[in-house]
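Reading through the structure tokens given below for one structure.
The values are calculated or read from the model by the stated rules, or taken from the named source; none is laboratory data. Values in this document were obtained by computation on a predicted structure and should not be read as measured data. Quick reminder, even Gly has a Cβ in these numbers, built from the backbone with ideal geometry, and neighbours come from all protein chains shown. Accessible surface areas use protein heavy atoms only, side chains included; no ligands, DNA or RNA. Shrake-Rupley method; radii C 1.70, N 1.55, O 1.52, S 1.80 Å.
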Amino acid sequence: MDSGLLILFTVLLPVVGAFLVLALRFNENVREAATLITGGVTFYHVLGLLHLVREGERPSLTLLEVVPGVDLAFEVEPLGMVFALVASFLWPVTSLYAIGYMRGHHEENQTRFFFFFAIAIAGALGVAFAGNLFTLFVFYEFLTFCTFPLVTHHQTEEAKRSGRIYLGILLTTSVGLQLVAIIWTWVLAGTLDFRTGGILAGTTSTAVLGAILVLYVYGVGKAAVMPFHRWLPAAMVAPTPVSALLHAVAVVKAGVFTVLKVAVYVFGIDLLQTLATTSWLAWAAAATIILGSLVAFSKDNLKARLAYSTISQLSYIVLGAMLANELGIIGGGMHIAMHAFGKITLFFAAGAIMVAAHEKEISRMHGLGRTMPITFGAFFVGSLSIIGLPPAGGAWSKWFLGMGTLEAGQFGLLAVLMLSSLLGLYYLLEVPVKAFFFPPPADDGHRHDDHGHGEEDYGGSTHAADDHAHHGDESAFVIGGLREAPLPSLIAICVTATATVVLFFWPDLWQELMTMVVGGGAP
Amino acid sequence: MSENLPALLIVVPLMLAPVAALVGRAGASWAVATAACWWALYASLALLLRVWDEGVIRYALGGWPAPYGIEYRIDLASAFVALIVAVIGAIAIPYARTSIAREVAEDRAPLFYTAFILSLTGLLGISITGDVFNVFVFLEISSLSAYSMIALGQDRRALTAAYQYLIMGSTGATFIVIGIGLMYVMTGTLNMVDLAERLPQVADNRTIPVAFTFLTVGITLKLALFPLHLWLPNAYTFAPSAVTAFMASTATKVSVYLLLRFFFTIFGFQFSFERMQLDMVLMPLALVAILAMSLVAIYQANVKRLLAFSSVAQIGYMVLGISFGSVLGVTAGILHLFNHALMKGALFMAMGCVMYRIGSVRIEKMAGLGKAMPWTMAAFVLAGLSLIGVPLTVGFVSKWYLVQAALERDQWAVAGVVMVGSLMALVYIWKVVEVAYFGELDPDHEIQEAPLSLLVPTWVLVIASFWFGIDATGTAEVATAAAESLLRGLP
Amino acid sequence: MSDALGHFNYWAVVVLMMVGFYTLIARGNLVKKLIGLNIFQTSVIMMYVSFGKITGGTAPILVEGDHGEAVEHVVYSNPIPHVLMLTAIVVGVATLALGLSLVVRIKEAYGTIDEDEITAKDNAQ
């Protein structure tokens, strides 16, 4: 297949899958199979594109001219490849997890869920393969809107309120700041294409360009740079697979991916170094890193803690971009992959704990490791990646980011990275340590009920008979004395935890791709 | 026939109007109205294509040459606006059959269709005429028939709304006549081309700025530019749904065209913008319109009224673009004429579907409608996305040009206002979305989806909003060419 | 002084215009508003007709000489404004007719034709 068409095919496959899900909605197992198969096929094609990119090709496709001078176009380059690989691999894995979770938690409207899930992945791939700022913006906004039904899945008052915060912050930043920056770029540069070395160099004064950079970084609300971060904890009202895929992988990574892409292909590293606001933004990212970690500390709700940890980790990538040197970019790009695998493991674990043991507060998870050793073991591995310790992949991205700060002479920023790891050590490892080594709290009786229909804040909506059947007790995988997450979810957790470790021993692919980004292969 | 097409564009519907009244039965009148609309669509499309190929068309009515006789002068802007009117008419008329059957008494329906055809004729006439007094005549034809159509609404407040519109509209038209008279007494001609040539010679006389002022006030009143918009919310809210859908997409657009015609073609850019500083008047009013009217829209409980205030804000966008006086700005204004007609037409038609099924357009009555009327509410959401300015919709294209026009002049604050307006649109659209999709349906009343005859026209406009947002090159080219020719003025 | 008197027409126009406009805005009775509108429109008609009168001009009918030939160098008043105003009068009549029929319907629906009372009834509902 011609490489340009391959791109279109890959982006559209999840959409096809979504409609298959809709068509097959009356047979649950066939429907889930459709999702998994589509996910597998999509990943296979992404691998095909990877092969081309590694050989130095840059597949591209121009779809049509929207407004005179502005095209809807795709172009695959190494940074986009990183994001696409992560998203397309984790989609089937998360779908597997979701199958276990949604059934175990007796969730309603599962067809709608899987439908929008698939559409969201198409959006993420569209962002990854965008060939110019306009196309990226189109898919970026598309992603916001198609994840809205997922975030507000439970349709409760709280879901509605959170949905408002979600849309409110994401659209205010994208329309109010990012779009202005994009149009401004168009007026200055006459083009919106992504080019190595950027398109803005020499177009106007550094003061104006610095202002535009600020508009971009804050305009990308999905990167959750403070103070535009509130949507992330608000989105935790969604079912956990949504939090896992979207808010560890698709949505947030689309955000930081955009920041990196703008830094490298719109501004260019050399131009960034001359702008005054670049270092201010680096410190803004640093502030987010620390503040995010500190707030994470204070949260007892596991998903909330993970949400703030994500906010903090995203700013690692923003920091990498704003260091404006090769090591920083490499580190930032690698962190897209490392953080994704690590964080998704953590969220999977959080969801598993909720389904199997009905616990959401960390203080009530003491001793739970005895009945859920695999889950908490995976949590431990995932935490290592976030903290940046071997043998988890996150160690590598942290290494490169640290080297980047040294090269930039910013010892303060290095200290920030170290401090954040230290904080992470506590707020993340607290969970598995207390689960394995502390005695359970006094009133753990209700943990072992079989039909805890979702508690209020996670949206117990009224139960219609059709969307879930009670196939016995699906909420846990009971084996021996263990009461683990449902089996499909458990498999997913193991896959991502293993991947996290594998990435430590084999970071080559990511490093290779990111080096191509800064090394300057075409475009 | 094709030589006389400009005249036939007007004459055929004009002759069909009394026929619609005479046939006396609702179905037959509707058929006559449909014939008029389709003819208008064909003729206006043919004229646009001819203008695109050959340039300005000048047609002397009755063979009397200008400036002695009345002539029709069709340039790109005229043809484009005429096409918009005809397209909306052609889509509204199948919609009207079902909607009007529900909302207007059957014995009055033939009169409704007569008024509809007359309104269409009037609007088309304004677009293509080259004589300023002719403008007044057609303006009054379209306005009077509009007043009658509005008065046919079900709620008794339709009557007071029509009356208020009548008073204000007639005042505006009279102001326009005063302006025309003052221009006539100084130049001795009513022909637009002739006026453009003669006005610069007499421009120093105090009379001409006074004429300019009267015309400005009169036209902005017809346009519903803040603060002369007071007639619009009531008129749109209480008129029958099909009327609102038709009028919202045409009447004010044609008035914007009038603004362009008078201030760019007749008075000329130099006089209007440099001597009379029109931009200093229009821009602040437009900015206030965008902000204040969007804000008011957020607090409305009646969705039609919400959309009406939204329309006033959108008119602010159009006028803002024009007030820049640059190619980009005027292009943005002209583009938004077209784009807004599509978006608002779709939104009001969706509300007509809701009115048809539940008899109300109050927000609280629409709880859970997302499940009961999925296609209708989906149309609302998608057209709403266009209003917000999501990329790949027509709304985005307008904003693209408008912000560019602002940034080109280094007016960041104005660009900011445009974005704030979009965000406010998000709030009021989402208000409706939340109630429709998160609310609970009343279990006692079963609500069905709207009939196809209402849904299809609505979805045609929704799809058009996306079509022309995905491929905006055609409309952008026409709008840019029209803007350039307007700014160039007459040779 | 003679200028002021010579412009008597225009003074009348201005006075009528203001009277009409004031009545239109300030009066609450719907019929009175329409009367105001009509006075306003009438003033405009007078204005146009006044524009048409050329100093020393005779009625705009071709003057014929003894043997039927056209006489030259005759100053005619301008007939165009008169023609325009015929149209304007018709428009005015149509507007008035429509307005009055609306008032009748409003009276049927509300029981009153006073603007404030109507607003009160609407707010009460």
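The number of residues in segment A:208-224 that are free of Cβ contacts under 8 Å to residues at least 60 places away in the same chain and within 12 Å of chain B (Cβ to nearest Cβ) comes to 4. Here B:S386 does not fit the description of being open to solvent by less than 10 Å² (accessible area, probe 1.4 Å), under 22 Å from the mean Cα position of the chain (by Cα) and within 11 Å of chain A (Cβ to nearest Cβ).
For segment C:1-55, give me each residue that is in contact (Cβ under 8 Å) with a residue 60 or more places away in the chain, among the β-branched types (V, I, T) and in contact with a Ser or Thr (Cβ under 8 Å, 6 or more places away or on another chain). The answer is none; no residue qualifies. Residue check: is A:E157 within 11 Å of another protein chain (Cβ to nearest Cβ), over 19 Å from the mean Cα position of the chain (by Cα) and not hydrophobic (A, V, I, L, M, F, W, C)? It is true that A:E157 is within 11 Å of another protein chain (Cβ to nearest Cβ), over 19 Å from the mean Cα position of the chain (by Cα) and not hydrophobic (A, V, I, L, M, F, W, C).
Would it be correct to say that A:L271 is surrounded by fewer than 24 Cβ atoms within 10 Å (Cβ to Cβ), out of contact with any strand residue (DSSP E or B) (no Cβ under 9 Å at 6 or more places or on another chain) and part of a helix (DSSP H, G or I)? Lay out the reasoning, then the answer.
Working: surrounded by fewer than 24 Cβ atoms within 10 Å (Cβ to Cβ): yes; out of contact with any strand residue (DSSP E or B) (no Cβ under 9 Å at 6 or more places or on another chain): yes; part of a helix (DSSP H, G or I): yes.
Answer is yes for this residue.
Within segment B:199-227, take every residue that is open to solvent by less than 20 Å² (accessible area, probe 1.4 Å) and under 19 Å from C:F51 (Cα atoms) and give me the one that is modelled with the lowest pLDDT. Top of the filtered list is B:A203.
Residues in segment B:462-469: is at least one within 20 Å of B:A286 (Cβ to Cβ), within 25 Å of the chain's Cα centre (by Cα) and assigned to a helix (DSSP H, G or I)? Taking every residue of segment B:462-469 in turn, none turns out to be within 20 Å of B:A286 (Cβ to Cβ), within 25 Å of the chain's Cα centre (by Cα) and assigned to a helix (DSSP H, G or I). Being aromatic (F, W, Y) and out of contact with any Phe, Trp or Tyr (no Cβ under 9 Å at 6 or more places or on another chain) is the filter; apply it to segment A:138-163 and report the residue that is most open to solvent (accessible area, probe 1.4 Å). Residue satisfying both the conditions and the ranking: A:F142.
Within segment B:4-49, being within 24 Å of B:A481 (Cα to Cα) and not small (G, A, S) holds for B:L5, B:P6, B:L9, B:L41, B:Y42, B:L45, B:L47, B:L48, B:L49. Residues in segment B:402-419 that are at the interface with another protein chain (Cβ under 8 Å from one of its Cβ atoms) and either in contact (Cβ under 8 Å) with a residue 24 or more places away in the chain or not in a helix (DSSP H, G or I) (or both): B:Q404, B:E408. When A:E65 is tested against (1) more than 14 Å from chain B (Cβ to nearest Cβ); (2) touching an Asp or Glu at 6+ places or on another chain (Cβ under 8 Å); (3) among the charged types (D, E, K, R), only condition (1) is not met.
Show me the helices (runs of 4 or more DSSP H) found entirely inside segment A:84-174 where at least 3 residues are among the polar types (S, T, N, Q). If you could, list the steps in order and put the result at the bottom.
Values: elements: A:110-128, A:133-151, A:157-173.
The helices (runs of 4 or more DSSP H) meeting that bar are A:133-151, A:157-173.
Only one entry of B:A90, B:A35 meets the criterion of being in a helix (DSSP H, G or I), in contact with a Leu (Cβ under 9 Å, 6 or more places away or on another chain), of a type in the set (G, A, S) and more than 23 Å from B:F348 (Cβ to Cβ), and that entry is B:A35. Note on segment B:135-163: among residues that are polar (S, T, N, Q) and within 19 Å of the chain's Cα centre (by Cα), the one that is farthest from the other protein chains (Cβ to nearest Cβ) is B:S142. Of the helices (runs of 4 or more DSSP H) contained entirely in segment B:286-358, those carrying at least 2 residues that are of a type outside the set (D, E) and within 15 Å of the chain's Cα centre (by Cα) fall at B:303-324, B:327-358. Checked against (1) hydrophobic (A, V, I, L, M, F, W, C); (2) within 12 Å of chain A (Cβ to nearest Cβ); (3) open to solvent by 30 Å² or more (accessible area, probe 1.4 Å); (4) over 24 Å from B:L260 (Cα atoms), B:F468 passes all but condition (4). In this structure, A:Y44 qualifies as open to solvent by 10 Å² or more (accessible area, probe 1.4 Å) and within 23 Å of A:L503 (Cβ to Cβ). Residues that are more than 9 Å from every other protein chain (Cβ to nearest Cβ) and under 22 Å from B:V177 (Cβ atoms) number at least 2 in the following helices (runs of 4 or more DSSP H) confined to segment C:1-117: C:8-26, C:30-52, C:80-110. Considering segment A:107-137, and only residues there that are open to solvent by 10 Å² or more (accessible area, probe 1.4 Å) and out of contact with any helix residue (DSSP H, G or I) (no Cβ under 8 Å at 6 or more places or on another chain), the residue that is nearest to B:F396 (Cα to Cα) turns out to be A:N109. Give the residues of segment A:345-370 that are more than 26 Å from the chain's Cα centre (by Cα) and surrounded by fewer than 22 Cβ atoms within 10 Å (Cβ to Cβ), sorted by residue number. Passing the criteria: A:S363, A:R364, A:H366, A:G367, A:R370.
Here's the yes/no breakdown for (1) aliphatic (A, V, I, L, M); (2) surrounded by fewer than 20 Cβ atoms within 10 Å (Cβ to Cβ):
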residue	(1), (2)
B:L159	yes, no
B:Y163	no, no
B:L166	yes, no
B:V177	yes, no
B:E197	no, yes
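No other residue among A:G190, A:G198 is within 22 Å of A:A282 (Cα to Cα), at pLDDT below 90 and more than 22 Å from the chain's Cα centre (by Cα) apart from A:G198.
Residues to consider are A:L64, A:L6; find the one that is buried (at least 18 other Cβ atoms within 10 Å of the Cβ) and in contact with a helix residue (DSSP H, G or I) (Cβ under 8 Å, 6 or more places away or on another chain). Spell out how you get there, then give the answer.
Working: A:L64 fails: buried (at least 18 other Cβ atoms within 10 Å of the Cβ).
Selected residue: A:L6, the only one of A:L64, A:L6 that is buried (at least 18 other Cβ atoms within 10 Å of the Cβ) and in contact with a helix residue (DSSP H, G or I) (Cβ under 8 Å, 6 or more places away or on another chain).
Mind listing whichever residues of segment A:191-207 are of a type outside the set (K, R) and in contact (Cβ under 8 Å) with a residue 24 or more places away in the chain? Give the derivation first.
Kept after step one, since they are of a type outside the set (K, R), are these residues of segment A:191-207: A:191-194, A:196-207.
Across segment A:191-207, the qualifying residues are A:T191, A:L192, A:D193, A:F194, A:T196, A:G197, A:G198, A:I199, A:L200, A:A201, A:T206, A:A207.
The single condition among (1) facing chain B (nearest Cβ under 10 Å); (2) more than 25 Å from A:G48 (Cα to Cα); (3) among the β-branched types (V, I, T) that A:I165 does not meet is (1). Are any residues in segment B:436-459 under 29 Å from B:A301 (Cβ atoms), open to solvent by 40 Å² or more (accessible area, probe 1.4 Å) and either in a helix (DSSP H, G or I) or at pLDDT 90 or above (or both), and if so, which ones? Passing the criteria: B:Y437, B:S453, B:W459. Return yes or no: is B:E106 of a type outside the set (F, W, Y) and within 10 Å of another protein chain (Cβ to nearest Cβ)? Answer is no for this residue. Search segment A:175-207 for residues being hydroxyl-bearing (S, T, Y) and assigned to a loop (DSSP other than H, G, I, E, B), and hand back the single one that is farthest from the other protein chains (Cβ to nearest Cβ). Out of the qualifying residues, it is A:T196.
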